[in-house]
1. Along the Cα→Cβ direction, 7 angstrom out, place labels at I32 and D674. What is the inter-label distance in nm?
2. Please list 570-576, 75-81, 390-396 highest first by mean number of surrounding beta-carbon atoms within 10 Å per residue.
3. Once fully extended, how much extra length lies between D212 and Q307, figured as 0.36 nm per residue of separation less the alpha-carbon to alpha-carbon distance?
4. If I model a spin label as a point 7 Å beyond the Cα along the Cα-Cβ vector, how far apart are those points for D603 and A376 in nm?
5. Using Cβ counts within 10 Å as a stand-in for footprinting exposure, how do D199, D193 rank, fewest first?
6. May I ask you to give the average projected area over all directions of the convex hull of the Cα atoms of segment 17-173, in nm² rounded to one decimal?
7. Taking 0.36 nm per residue of sequence separation and subtracting the Cα-Cα distance, how much length would be gained by fully extending the chain between W100 and A273, in nm to one decimal?
8. Can you put V660, V276 in order, fewest other beta carbons within 10 Å first?
Amino acid sequence: MTAGNHWPRLLARFRLSDPGLAALRSAARAAIVMPVVFAFADKVIGDPNTALFAAFGSLAMLVFADFTGPRRSRFVAYLALAGAGAANIVLGTLCSQDTWLAVAAMAVVGFTILMSGAINGYFAAASTSALLTFVLPVTIAAPPSAIPARLEGWTLAAAAGILAHMLLWPARPRDTLRVDAARACAALADLVDSRLAGDRSVITARSSSARDAVDGLRTRFLAAPHRPTGPTGRTAALASLVDELDWLLSLLEPPADPPPLELCRKENAEAMAATVAVLRVSAARLDGRDERPDLARLDEAQEAVTQALAGQIPELKPLQDGQALQSALEPAFRVRSISDAVRQIGGYALAAAGAAPELDESQMARSPFQVAKEFAVEHISAQSVWFRNSIRGAAALAVAVYIAQRTGLQHDFWIVLGTLSVLRSNALGTGSSIVNALAGTAVGILIGAAVVIAIGTHQAVLWVVLPVAILLAAYAPRAISFAAGQAGFTVVLFVLFNLIQPSGWEVGLVRIEDVAIGFAISLGVGLLFWPRGAAALLRENLGAAYARSADYVAAAARQLIGGDDAARSAGAALVADAAIHRLDDSFRQSLAERSARRVKVEDVGTLVAGAARVRRAGQSLAALSRMTDGDAILARCGANLDAEVHALRSWFIALGDSLVHAEAAPPSHIRDGDGRRRLLDCVHDAVTGGDKTKLHPALVLLWATQQLDNLWRLESHLVQNTGGV
């Protein structure tokens with residue numbers, strides 16, 4: 001192969017492993033800035049404490065932390081990390097001279113930092129850097145008088161790191177989830193538009209395109225290492241948008257041959273046109289354009305459909321029974337459900353794009369107390385992946401600090417870093433990463449020793465080698481492998497410690513001795529604390545998500561029909577939301593584990609989405625209950641829904657139980673035909689009785705029936721997708 005052909009192939013390979021060369025730019029930034037910061041601290045300030053914390057502080061800011069998102073959000077995140085790091089250094093130094101105090105502090109701080117990752121992606125991305133700023137001072141014992149010098153080094157590193165991130169090849173990543181959400185909105189708008197036109201061939205093609213777009217969005221969403229959630233604002237809206245688009249597609253796909261729009265044809269057409277407009281503008285907004293969906297038009301179209309139905313039902317030719325009445329009203333009901341979902345999508349799109357949302361405060365704005373309560377319900381539980389991983393990590397780090405403090409090994413903080421570097425969510429994953437880490441460390445020691453032997457302790461040459469070593473160490477783990485990163489990092493340590501305190505190749509033996517102890521601690525703790533990791537938890541969370549979502553459906557239905565206390569339904573909603581989020585976290589974590597290969601990811605993804613649909617049905621029923629004032633017809637006619645609601649709840653709980661115990665899914669339940677017929681006849685009598693005050697509650701009941709129909713259809717879909725779990 002000629003040299004001319006070699007380089008294009010090499011560049012193409014780099015682009016494949018590092019799209020946009022983002023990792024290379026980040027590594028180059030660290031290679032330029034870190035040596036300058038370290039040189040200033042070592043040669044100008046001349047304090048070993050300052051130099052050490054400037055060096056490792058630069059690693060924390062430039063290598064281990066790389067926030068994405070809008071420029072302002074990234075800047076605030078780096079400032080917050082700088083403040084948290086300073087607090088950790090002070091606390092770690094104060095605890096460093098007492099072994100048991102250091103161990104206790106490491107356990108508490110480690111758990112807090114790791115658990116905070118459940119709040120949003122920024123906290124999760126900062127966890128390694130934040131832990132490093134505590135591990136270093138707590139394992140290197142020093143009196144309180146050392147705090148100013150340590151803070152000086154950290155402040156120097158943090159200031160230089162923030163300026164470098166903001167000014168030197170600043171990241172300008174496109175939010176891929178937003179781009180995919182925009183594509184899904186546009187595809188769904190095309191599908192609705194084709195249904196208005198009535199061209200079956202176009203409907204089939206656009207239905208397939210919409211399914212591909214929505215599935216692609218969900219796949220990317222699940223592939224992200226951290227769920228993009230947060231207390232309020234754009235992250236929460238973006239996560240909700242994924243579920244809402246999937247729900248809308250489920251409403252648009254069936255039936256294959258919809259009945260003609262006989263009732264309120266004009267109003268239905270306007271509602272669908274308003275729906276198309278909102279979806280298109282939502283796509284534009286998510287794609288970065290400054291447009292705002294006309295939600296007022298959609299609201300007016302919805303109200304027009306409701307008023308037209310109420311006015312035209314009494315004028316219908318006599319219908320034989322309630323079933324005939326529901327068939328006549330079904331197209332208008334479907335339009336109402338579609339426009340409801342699209343209104344949610346429009347509001348979420350605005351919030352995800354950073355604009356002021358046009359959603360109820362209860363949907364987007366929550367008080368700090370509500371946020372804390374929801375977080376506690378969701379994560380302070382052994383069913384939470386975040387809770388398990390935080391307990392496991394805190395225990396391992398505390399044991400590592402104890403051993404480091406007691407053994408008095410040189411550079412003993414590497415015991416703790418070795419523990420942290422290989423700790424995974426299950427013992428199998430930890431064992432695999434230990435092999436990679438040991439291999440990488442061994443290779444790094446050989447290379448580093450060869451470099452030091454060749455150079456000796458010649459300071460000028462070591463300073464020249466340092467930026468090259470940093471470039472390779474920062475680039476390798478992102479673009480090559482974890483083991484390559486360990487090798488590169490070990491070479492950096494050889495050079496760094498021979499600049500601080502020349503000792504030749506022996507520093508490598510210290511490094512491998514310390515990290516080997518740390519690796520053993522990590523593996524031991526992984527075997528003691530939930531060794532099967534997220535894969536085993538996934539089944540339990542699937543069962544809990546279906547059961548709690550079914551409870552929510554039942555509670556919302558009872559509130560609608562029987563006027564039960566709204567607080568009971570709200571409580572069920574909170575528990576269902578927590579179960580769904582724990583399921584999402586465990587599924588996301590299981591994809592990163594080797595054991596995740598034993599299941600069909602597509603089938604599990606379908607089941608995860610199915611649980612979210614059950615919860616969404618509960619939300620729809622709860623919204624319907626807010627449209628009523630305890631009308632008598634709701635209690636009298638709605639009582640006939642009790643058996644169907646109970647059967648649905650029992651079936652989804654049974655499905656969850658079958659998933660937990662790896663058993664065959666139950667067949668779809670036999671519907672309560674008599675109760676359904678009585679309900680429809682009761683509504684029919686109320687509608688045709690001439691009392692116009694009964695029309696609105698009758699429509700609400702029929703809308704509720706449609707939600708239950710959707711769940712019944714979902715049953716057979718889920719039964720077909722349980723074999724791969």
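No lab work stands behind these numbers, since they all come straight from the coordinates. Note that this is a predicted model, so its numbers are computed, not measured. Here the Cβ is made from the backbone with ideal geometry for all residues, glycine too, and neighbour counts use every protein chain on show.
1. In this crude label model, I32 to D674 measures out at 8.0 nm.
2. Details: 570-576: 19.6, 75-81: 18.0, 390-396: 23.4.
For the peptides 570-576, 75-81, 390-396, the packing ranking is 390-396, 570-576, 75-81.
3. Details: separation 95, 0.36 × 95 = 34.20 nm, distance 3.63 nm.
Here the segment from D212 to Q307 would lengthen by 30.6 nm.
4. My value for the distance between the label points is 4.0 nm.
5. Numbers: D199 12, D193 18.
Ascending Cβ contact count within 10 Å gives the list D199, D193.
6. 9.1
7. Working: separation 173, 0.36 × 173 = 62.28 nm, distance 6.79 nm.
The W100-A273 span can extend by a further 55.5 nm.
8. Lowest count first: V660, V276.
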